[in-house]
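The values are calculated or read from the model by the stated rules, or taken from the named source; none is laboratory data. These numbers come from a predicted model, not from an experiment. We place every Cβ from the backbone using ideal geometry, glycine too, and count neighbours over all the protein chains shown.
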Amino acid sequence: MGNTCGKVEKEVPKNQGDNFALNKRDLVRVKTTNIRNDYSIGDKIGNEKFAALHKCKSKQTGQRLLVKIFSVTAIEPKALESFIQEAELLREADHPNIIKVIDIYKDETNAYIVTEYCKGGELLERITELGSLSENKVASYMKQIISAVVYLHSKRIIHRDLRLENVMFLNKDKDSCLKLVEFGSCKHFEKNVRVLERVGSPYFMSPEVILGNFDSKCDVWSLGVMIYVLLSGSTPFVGSTETEIMQSVLTSELLFEGKKWKKISNEAKNLIRSLLNRNSKERPNAKHVLNDPWIKQRAENKVADNEIISSTLSNLNQFDNQSKLQRATLAFIVSQIMSSDDVGALQNVFKEIDSNGDGLLSKKEIRKALESNTGYSDNDIEILISKVDLDQNGLVNYSEFLAATVDWNKEMSRDRLVQAFKALDADHSGKISKEELMAAFGGSHTSSKIFKEMINEADIDGDGEIDLEEFCTYMENFKERVKS
């Protein structure tokens, strides 16, 4: 085996016939194999509702991650259902401010979720260390959190337990992005259907949750409490017991008293008043909150500059998805092999282009970002989106954007390709079969003919499977096309 992947020895076939759509959910499977075959589980670092939190390390990539361990035998069926709910949700979530799930396992005694490890700690811990915050900093934090909530609501998911303890920094950097990390209380909802159940923390609980009859507007109330706490260091409704706190939520007047509120703008106070309106019908939805002038104006100094956007979009326009296997592999590497630290400034670029904060890039948003460049027609933009839109929904999501804009000449190293190959080679035979591709990329809803085509694209020796050298040679061809 050589140290570098060789040149392609046969022509890569173009897409023909069946369409291939790849969703992020397809890249994460619930595995029944022993998690310790793939991960070294380290010290316990804390507890979450129903789960013990441990550091862990991928044996394939060396990446340091977090694993949530749920005891199947020790918890009630309802709690186990909560785990399954969280696991299923995280499989679907694809947003820069939502924790990324890497793997899900289940055996006779335990269930496991392997996720990114947020080394930056909780938002509240950072605030305590800093000692004070400006309105602009609060708005920049809240813009990220609200964007995640807008995304969840667009997927018909209510979080139901939004609180500052569930928001963490990805790393220790000053400008680290925030991640929403716990989803055990999330629930899918249908429009105009209200949920009869009380969940969440009393301090952040909306009146309708206390009364046991709520919808997605309960998350908006929680956002209002979060802004209040971040600006003042105290909660808007207090009590010495949970019952007293909930009674205060239901009846106490919302006040902005003391020196701490004198320097806070009226725009901030007005926004909080609208979010903490006890009449949920008069409360704005999350998307309206994201577009509130206070959020947009105060968070303005956190956006990426135009120069970065221009170069990133140049990369995006060069992206070529003619090969089903190549584009599926790139999405797999972004989702499962690369960490959020690896993608760096691209997170901020995505959020800058995503002007409405819904976690998806529309044709309108991409067109606006391209205004500074010349020569892009409406047809050019249509073609560009079709190149990177892996799930074929007419929008570019976060993983699709990363797969298109990452500097693959730099990031697609031999080591990374080996990691991806080993992850796809589920039976460790040294070759990737059609069945393994189907399992990795959503074969349950896609024609097996497409996966046979994928094999044929890279199968140089014609044995019906892809070995490591064939895989590397094939992916190296993608790098050569990007260079040119």
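Yes or no, residue by residue, for (1) surrounded by fewer than 19 Cβ atoms within 10 Å (Cβ to Cβ); (2) in the same structural domain as residue 104 (by TED's automatic domain parsing); (3) in a helix (DSSP H, G or I); (4) touching a helix residue (DSSP H, G or I) at 6+ places or on another chain (Cβ under 7 Å):
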{"residue": "410", "(1), (2), (3), (4)": "yes, no, yes, no"}
{"residue": "416", "(1), (2), (3), (4)": "yes, no, yes, yes"}
{"residue": "422", "(1), (2), (3), (4)": "yes, no, yes, no"}
{"residue": "426", "(1), (2), (3), (4)": "yes, no, no, yes"}
{"residue": "429", "(1), (2), (3), (4)": "yes, no, no, no"}
{"residue": "437", "(1), (2), (3), (4)": "no, no, yes, yes"}
{"residue": "449", "(1), (2), (3), (4)": "yes, no, yes, no"}
{"residue": "457", "(1), (2), (3), (4)": "no, no, yes, yes"}
{"residue": "460", "(1), (2), (3), (4)": "yes, no, no, yes"}
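Residue 398 versus (1) modelled with pLDDT of 80 or more; (2) more than 20 Å from the chain's Cα centre (by Cα); (3) of a type in the set (Ser, Thr, Tyr): which is the lone unmet condition?
Going through (1) modelled with pLDDT of 80 or more; (2) more than 20 Å from the chain's Cα centre (by Cα); (3) of a type in the set (Ser, Thr, Tyr) one by one, residue 398 breaks only (2).
Could you run through the range 349-381 and say how many residues are surrounded by fewer than 19 Cβ atoms within 10 Å (Cβ to Cβ), at pLDDT below 80 and not charged (D, E, K, R)?
The total comes to 8.
Matching residues to (1) in a loop (DSSP other than H, G, I, E, B); (2) at pLDDT below 70:
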{"site": "9", "(1), (2)": "yes, yes"}
{"site": "43", "(1), (2)": "no, no"}
{"site": "46", "(1), (2)": "no, no"}
{"site": "61", "(1), (2)": "yes, no"}
{"site": "96", "(1), (2)": "yes, no"}
{"site": "103", "(1), (2)": "no, no"}
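Being at negative phi, out of contact with any Cys (no Cβ under 7 Å at 6 or more places or on another chain) and modelled with pLDDT under 85 is true for just one of 134, 140. Which residue is that?
134
Out of all the residues in the range 175-200, which are out of contact with any helix residue (DSSP H, G or I) (no Cβ under 6 Å at 6 or more places or on another chain), within 19 Å of residue 116 (Cα to Cα) and modelled with pLDDT under 85?
Scanning the range 175-200 gives a single hit, 175.
I'm trying to understand the selection: among the residues of the range 404-443, which are under 19 Å from residue 91 (Cβ atoms) and in contact with a Lys or Arg (Cβ under 7 Å, 6 or more places away or on another chain)?
Across the range 404-443, the qualifying residue is only 439.
Would you call residue 478 within 12 Å of residue 325 (Cβ to Cβ) and modelled with pLDDT under 80?
yes
Exactly one of these conditions fails for residue 384: (1) surrounded by fewer than 19 Cβ atoms within 10 Å (Cβ to Cβ); (2) modelled with pLDDT under 75. Give me its number.
That leaves (1) as the condition not met.
Checking the structure you have, find out if any residue of the range 123-138 is touching a residue at least 24 places away in the same chain (Cβ under 8 Å) and farther than 30 Å from residue 260 by Cα.
Looking through the range 123-138, none of the residues is touching a residue at least 24 places away in the same chain (Cβ under 8 Å) and farther than 30 Å from residue 260 by Cα.
Pull up the range 166-184, narrow it to residues that are among the polar types (S, T, N, Q) and free of Cβ contacts under 8 Å to residues at least 60 places away in the same chain, then point me to the one that is surrounded by the most Cβ atoms within 10 Å (Cβ to Cβ).
The extreme case among them is 166.
Can you confirm whether residue 145 is of a type outside the set (Phe, Trp, Tyr) and in the same structural domain as residue 218 (by TED's automatic domain parsing)?
Numbers: of a type outside the set (Phe, Trp, Tyr): yes; in the same structural domain as residue 218 (by TED's automatic domain parsing): yes.
When the stated conditions are applied, residue 145 passes them.
Mind checking which pairs have a first residue in the range 356-367 that is outside the structural domain of residue 150 (by TED's automatic domain parsing) and a second that is of a type in the set (Phe, Trp, Tyr) and crowded, with 18+ Cβ neighbours inside 10 Å, Cβ under 7 Å, 6 or more apart or different chains?
358/151; 359/151; 359/398; 361/401
Can you find even one residue in the range 120-142 that is surrounded by fewer than 20 Cβ atoms within 10 Å (Cβ to Cβ), farther than 24 Å from residue 290 by Cβ and of a type in the set (Asp, Glu)?
Taking every residue of the range 120-142 in turn, at least one turns out to be surrounded by fewer than 20 Cβ atoms within 10 Å (Cβ to Cβ), farther than 24 Å from residue 290 by Cβ and of a type in the set (Asp, Glu).
Here is a list: 280, 248, 222. Which entry is surrounded by 14 or more Cβ atoms within 10 Å (Cβ to Cβ) and free of Cβ contacts under 8 Å to residues at least 40 places away in the same chain? Step through it out loud before you land on a result.
Values: 280 fails: free of Cβ contacts under 8 Å to residues at least 40 places away in the same chain; 222 fails: free of Cβ contacts under 8 Å to residues at least 40 places away in the same chain.
One residue alone meets the criteria, 248.
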